[in-house]
Amino acid sequence: MRRKIIKTTIASYKREWFSNIRGDVLSGIVVALALIPEAIGFSVIAGVDPKVGLFASFAIACVSAFAGGRPGMISAATAATAVLMVTLVRDHGLQYLFAATLLMGLIQIAAGFLKLRRVMRFVSRSVITGFVNALAILITDRRAAGDLCDDRRRPRDHLSPPYVTKAVPSPLVAIAVLTGIAYWTGMDIPTVGDLGELPSSLPILALPQVPLTFETLQIIFPYSVALAAVGLLESLLTAQIVDDMTDTTSNKSRECIG
């Protein structure tokens, strides 16, 4: 019986990791290129160094790929959590944010073991719509949209080239073509580097430099609960959307723990 379970597990991992290597690689490239400016932008919203957002997105994506419960879903930094970090970073500093993030992870792991995913059944469509609209209002209120409204930073029309071949996804073609045009013509357009200095070295593994006291816990606990709730809400909603699109099921409890 044990040998059968091991064989089933190995077959499942082979199916998830090696059944569509070309598609996974192309999708990973597209999402990675999209995540770079997003991670930096969300760092600016949260009031932290852009390098923090880049390192965090890398770590979240890699860990979730192995520990998450939904193949075909990528986890990374989001604006929804970024807007919740502003006050903590402003009042107490970056180290308290790191401590709050660790506590947030423990809360999400506990939610996975307690199977709180069942609560998602009671989330209505109106709540989801209100959540997204409130996020937009918060970002605007933080004046994070100032640069986006500037004429130089206004998004260009999306390039949607028709399929010449289905071997390469059209978003990747659009990114490559527009990047090449901008580089060779020397167009005066904002770049990712304009938002902040890009990292030149790998991060150093260290614990948050905060006092291990009850007062610290009082400061970070409300933020950790809010971040954990918003993170779980977005992850589980996204997992459900992918479930519906692919007519498959995912392990929501494992997604919480991952």
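The values are calculated or read from the model by the stated rules, or taken from the named source; none is laboratory data. Just so it is clear, the structure is predicted and the values come from calculations on it, not from any experiment. In this analysis, Cβ positions are derived from the backbone assuming ideal geometry, glycine residues included, and neighbour counts consider all displayed protein chains. The protein model used for the area step is the full one, side chains on, heavy atoms only, and it has no ligands, DNA or RNA in it. Shrake-Rupley method; radii C 1.70, N 1.55, O 1.52, S 1.80 Å.
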Worksheet item: Over region 1-123, what percent of the accessible surface lies on carbon and sulfur atoms, probe 1.4 Å?
Response: 68 percent
Worksheet item: Whole-Hz Karplus ³J(HN,Hα) for region 62-78, in order, using 6.51 cos²θ - 1.76 cosθ + 1.60 and θ = phi - 60°, x for Gly and Pro?
Response: 5, 5, 5, 4, 8, 9, x, x, 9, x, x, 10, 10, 9, 6, 5, 9
Worksheet item: What order do you get for 21-29, 241-249 when each peptide is scored by the mean count of other beta carbon atoms within 10 Å, highest first?
Response: 21-29, 241-249
Worksheet item: How much of the accessible area of region 168-258, probe 1.4 Å, is carbon plus sulfur, in whole percent?
Response: 67 percent
Worksheet item: For Ala111, what is the net charge nearby, where nearby means another residue's Cβ is under 11 Å from its Cβ and Lys, Arg count +1, Asp, Glu -1?
Response: +3
Worksheet entry | Integer Hz, Karplus 6.51/-1.76/1.60 couplings in order for region 229-234, x for Gly and Pro | 5, 5, x, 5, 4, 5
Worksheet item: When ligands, DNA and RNA are left out and all protein chains stay put, how many square angstrom of accessible area per residue does region 1-130 have with a 1.4 Å probe?
Response: 62 Å²
Worksheet item: What FRET efficiency, computed as 1/(1 + (r/R0)^6) with R0 = 41 Å and r the Cβ-Cβ distance, is obtained for Lys14 and Leu212, rounded to the nearest 0.05?
Response: 0.40
